[in-house]
Each structure stands twice: as structure tokens, then as C-alpha cells.
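> I'd like to ask you about the structure that follows.
The values are calculated or read from the model by the stated rules, or taken from the named source; none is laboratory data. Note that the structure is a prediction, hence the values are computed from the model and not measured. FYI the Cβ positions are ideal-geometry reconstructions off the backbone, even for glycines, and counts take in every protein chain you see. Heads up: the accessible areas ignore ligands, DNA and RNA and are worked out on the full protein's heavy atoms, side chains in. Shrake-Rupley method; radii C 1.70, N 1.55, O 1.52, S 1.80 Å.
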Amino acid sequence: MRAVDIIIKKRDKLELTDAEIDFFVREFTNGAIPDYQVSAWAMAILLNGMTARETTALTLAMAHSGAMLDLSDVIDIAVDKHSSGGVGDKTTLSVLPIVAACGLPCGKMSGRGLGFSGGTLDKLESIPGYRVDLTTDEFKTQLREIGIVLTGQSLDLAPADGKLYSLRDVTGTVDSTPLIASSIMSKKLAAGAQAIVLDVKAGNGAFMPTVESARELAEAMTAIGRLAGRQVTALIADMNQPLGVAVGNAVEVVEAIQALHGSGPEDFMEHCLHLSAHMLLLGRRAETLERGGAMAQKAIDNGSAFEKLCQLVAAQGGDVSFVEHPEKLPTAKVIVTVESPYAGTIAGVHARTIGEAAVTLGAGRAQKGDQVDHAVGFMIHKKVGQTVSVGEPLFTIHARDHTQVGQVRQIVQDAFAFSDGPVAPLPLFY
Ligand code: URA
């Protein structure tokens, strides 16, 4: 087989065989196919698409390009979750402890922020000492002992995806449904998931801007799951405004802790309960979604979910006193609340603008390798559909200094749209 023939076949809109896809992935992982041919192949896929079978073959080939974590000796059914990325999305920080407290052991490998979208690992590192580099053995031991793990992707899992992703990033080939779907699902399969709840975000603060494109991605991923013998539930969640109130790192950890105490923002609590219910259903701990929701609520009410978070932080070397007393978490030097200049109803809170402004403050990375500032971010006090009076708090800036405040103040204020008449609130899920 020759790489060039496989590129030409895809260029000519023909369907590749499993053997051709296996060959291509195997050979580029071991360095035998040069980057320029991999890039040409990725562009041919972006332009001409892939069938569900091809996408599944690509996913499986990438999943098998490195180690495959087998969790069957630790847990009867390994349930994972994945968010396709958004603004203010601290869901994993609350959902994992909730689900684990309900008796479903849950180990997850999370990622860092990507562009305007925050990352769970960056948020967790607000807690001094917290390790995100567990080995596979440590992962399994901790999952067995306390039923919860939250760490970074280990390097030996799905190395083909790592290689392909870094090329896609610089060759204009990120925005391809089969490439995104196979990238996400290969990592989930390699990490040992037997069942997966996908939280696919749709809106201006997501990689998929419309419900239609989010649905297409969700369908591609559920099809891969089915063909690979996994159970997959995909939810399409709104990301046209930030989720919850906090956007940043430490501020999001505080909000996730509040949610575990039952006092998080309403939209975020509801989002977490719904996701937890779906995970408990797939993990066969709840017979119905309603029962899963009730179990999740009980784990919050009786304090067991918060206790799980404390166990997790302690097990991974973090200072638990920062979770017990979140006021100890990094706080910004300058905190400025901006009041509404208008009276009316909030018609829009542009999530991407706020995510990008958070990156400007240093909550995310402008360039690969940049240090993240855990203390900075925003609190968004008003949501679409809520009324506001002149002088009411609209948002709060947590910044390093007043220069930063000047850089983002107007931009974030302009992210709010106002209406004189009533505006319907945005749905949480589509
Ligand atoms: N997240 C991933 O892991 N891969 C993609 O291709 C896009 C988002």
C-alpha cells in the first residue's frame, strides 16, 4: 500500500477500506508517512467527508495506536463524560463527585483550555499541590480505592490523535465533523470507556456554532460508539451564553464547590443534575432518568458529593483546606463590578466574547505553553431573559491590575444585548 494512493482515493471522493485507514494511521504514527502527506489526507477528509464506517475505522485505528486502558478489573461498567468545550463549563468538577458519591466509580482524563474555551485541568490546578499527571497504575489504584479520578490524558493513549491534531491545528483542518468525532472518541475508547455521555455544546461560545452542526457531530459520535460496541448518549447543550456565573479558573472551582453544597447557580445545578442522571442511567445505578436525578440531588443534600471531591483532592496531592475553605483559592488583586447602563431585558450574553476576554486577562493561553493566571476571570450576573435596572450589577471583573480592567471592560459590556420587551430565556438543552 502507498500513502499517495490513499490520499488520491479520498481526494476522488471514494470510500476507504478499514485496511487502508489502519495502514495510514499506523504508518503516520510510527513516522513512516511524512507530515505533508498526512496534511493532504486530512484536507481531503475535510473536503470530502467520511462515511460512518470510515469514521469508526479511523477512530478505532487512532484508539489502538497506543495503550488501551482496561478498567474491567476495577469497575463493571466504565462511564465517561465529554464536553465539546465552552465558556464557564465547570461541569466535570461537580458531576464526577456527584456520580461517584452515588456509587458509580468514575475516572476521567480531562484536557486544558483550547482558545476561548476553558479546560478542566487548568481549573483544577488552582488547588495547590493537585496532580494532573497520574500514571495508568495510579489511575487504576485510585479508581479502585476511592472511586474517583480526575487527571490529564496520559501520553501513551491515542498518540495518533495527538500527532494528527497538532497538524490539523496548523493546516486549517480542525473543522471537520469526522476528524473531530474520531479525535474525541478515540481518546474515550483508549481510556477504557464502555459508556459515554457526550455534552455537545451549540452556540457562539462553542466549536459548533449552530444546533444543526452540534447535532451532526453528536450523531457522528453516537454512530461511532454504536459501531464500536459502546453505549453513547449525546446531549446538545446551549452555549450562546456562559454556563453558570463564573468564567475563569479559581472562580469556577468556587462555583463547582458551591454546586456540591447545593448553592450553585440554578442553570449550572440543573445542567449537572441532568448529566449526572444520564451517567447513572448508563452505568446502571439508576433505573430511570428521574431516579438518577433524585440520586444526584440526594448526594448533594447529604454532603456525600462534596465529601467525594475532598477525597479526590486529597488522593491527588491537593491541599483539601482550599476546597473546605474556597476563600483560600487564588483571588484577583483588582475586583471591579460593572453596573448596567440600561434598563430592560437581557437579550444576549455573547459567550465567545466573554471567553476571549477571559483569555486576555490570562485565564487561558494566547499561545501554546503560556502560563495560566488562576485568579482572574469574570462573574456574569445576568442571563438572557432576566430583567435589569440601571445601576444593577451586570458583571464583575477579576483582574491583575487596572490596566487589564480597562482592556476588557467595554468589550464585555458590549457582549450584553438589551431589549425593551420580554425575551424568552435560552433552553439549557436542545
Ligand atoms: N476536541 C478534540 O479532542 N478533538 C478535536 O478535534 C476537537 C475538539
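> Within the stretch 75-101, which residues are over 14 Å from residue 273 (Cβ atoms) and within 16 Å of the ligand (Cβ to nearest atom)?
Step one: list which residues in the stretch 75-101 are over 14 Å from residue 273 (Cβ atoms), which gives 75-80, 82-90, 92-93, 100.
Selection gives 80, 82, 83, 84, 85, 86, 87, 89, 92.
> Would it be correct to say that residue 70 is modelled with pLDDT under 95 and either touching a Lys or Arg at 6+ places or on another chain (Cβ under 8 Å) or in a loop (DSSP other than H, G, I, E, B) (or both)?
Working: modelled with pLDDT under 95: yes; either touching a Lys or Arg at 6+ places or on another chain (Cβ under 8 Å) or in a loop (DSSP other than H, G, I, E, B) (or both): yes.
Yes.
> Can you pull out the residues in the stretch 384-396 that are open to solvent by 30 Å² or more (accessible area, probe 1.4 Å) and either more than 12 Å from residue 338 (Cβ to Cβ) or of a type in the set (S, T, N, Q) (or both)?
First pass over the stretch 384-396, keeping only residues open to solvent by 30 Å² or more (accessible area, probe 1.4 Å): 386-387, 389-393.
386, 387, 389, 390, listed by residue number.
> Might you check whether a residue that is touching a Leu at 6+ places or on another chain (Cβ under 9 Å), within 21 Å of residue 265 (Cβ to Cβ) and either open to solvent by less than 10 Å² (accessible area, probe 1.4 Å) or of a type in the set (Lys, Arg) (or both) occurs anywhere in the stretch 397-406?
Yes: the stretch 397-406 contains one or more residues that are touching a Leu at 6+ places or on another chain (Cβ under 9 Å), within 21 Å of residue 265 (Cβ to Cβ) and either open to solvent by less than 10 Å² (accessible area, probe 1.4 Å) or of a type in the set (Lys, Arg) (or both).
> May I ask you to list the residues in the stretch 26-45 that are under 23 Å from residue 12 (Cα atoms) and open to solvent by less than 50 Å² (accessible area, probe 1.4 Å)?
Matches in the stretch 26-45: 27, 28, 33, 34, 37, 38, 39, 40, 41, 42, 44, 45.
> I'd like to know if the stretch 122-142 contains one or more residues that are crowded, with 18+ Cβ neighbours inside 10 Å and within 16 Å of the ligand (Cβ to nearest atom).
yes
> Which residues, taken from the stretch 81-107, are in a strand (DSSP E or B) and open to solvent by less than 10 Å² (accessible area, probe 1.4 Å)? Full working, then the answer.
Going residue by residue through the stretch 81-107, those that are in a strand (DSSP E or B) are 81-83, 106-107.
Result: 81, 106.
> Output yes when any residue across the stretch 170-185 is in contact (Cβ under 8 Å) with a residue 12 or more places away in the chain, part of a helix (DSSP H, G or I) and away from the ligand (no atom under 11 Å from the Cβ), and no when none is.
no
> Does residue 376 satisfy the condition of being outside the structural domain of residue 235 (by TED's automatic domain parsing), more than 30 Å from residue 211 (Cα to Cα) and surrounded by 15 or more Cβ atoms within 10 Å (Cβ to Cβ)?
Working: outside the structural domain of residue 235 (by TED's automatic domain parsing): yes; more than 30 Å from residue 211 (Cα to Cα): yes; surrounded by 15 or more Cβ atoms within 10 Å (Cβ to Cβ): yes.
So residue 376 passes the test.
> Quick one: is residue 39 within 16 Å of the ligand (Cβ to nearest atom) and touching a strand residue (DSSP E or B) at 6+ places or on another chain (Cβ under 7 Å)? Can you show your working first?
Working: within 16 Å of the ligand (Cβ to nearest atom): yes; touching a strand residue (DSSP E or B) at 6+ places or on another chain (Cβ under 7 Å): no.
For residue 39, the condition - within 16 Å of the ligand (Cβ to nearest atom) and touching a strand residue (DSSP E or B) at 6+ places or on another chain (Cβ under 7 Å) - is not met.
> Moving on. State the number of residues belonging to the stretch 331-349 that are over 19 Å from residue 398 (Cβ atoms) and open to solvent by 70 Å² or more (accessible area, probe 1.4 Å).
Selection size over the stretch 331-349: 1.
> Can we say residue 358 is outside the structural domain of residue 112 (by TED's automatic domain parsing) and open to solvent by less than 30 Å² (accessible area, probe 1.4 Å)? Even if it seems obvious, please write down each step before you answer.
Working: outside the structural domain of residue 112 (by TED's automatic domain parsing): yes; open to solvent by less than 30 Å² (accessible area, probe 1.4 Å): yes.
When the stated conditions are applied, residue 358 passes them.
> Follow-up. Here's a check for you: in the stretch 272-297, which residue that is in contact (Cβ under 8 Å) with a residue 24 or more places away in the chain and over 18 Å from residue 75 (Cβ atoms) is surrounded by the fewest Cβ atoms within 10 Å (Cβ to Cβ)?
297
Listed here are the residues, each with its yes/no results for (1) within 14 Å of the ligand (Cβ to nearest atom); (2) at pLDDT 90 or above; (3) crowded, with 24+ Cβ neighbours inside 10 Å.
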position: 153; (1), (2), (3): yes, no, no
position: 198; (1), (2), (3): yes, yes, yes
position: 213; (1), (2), (3): yes, yes, no
position: 219; (1), (2), (3): no, yes, no
position: 223; (1), (2), (3): no, yes, no
position: 230; (1), (2), (3): no, yes, no
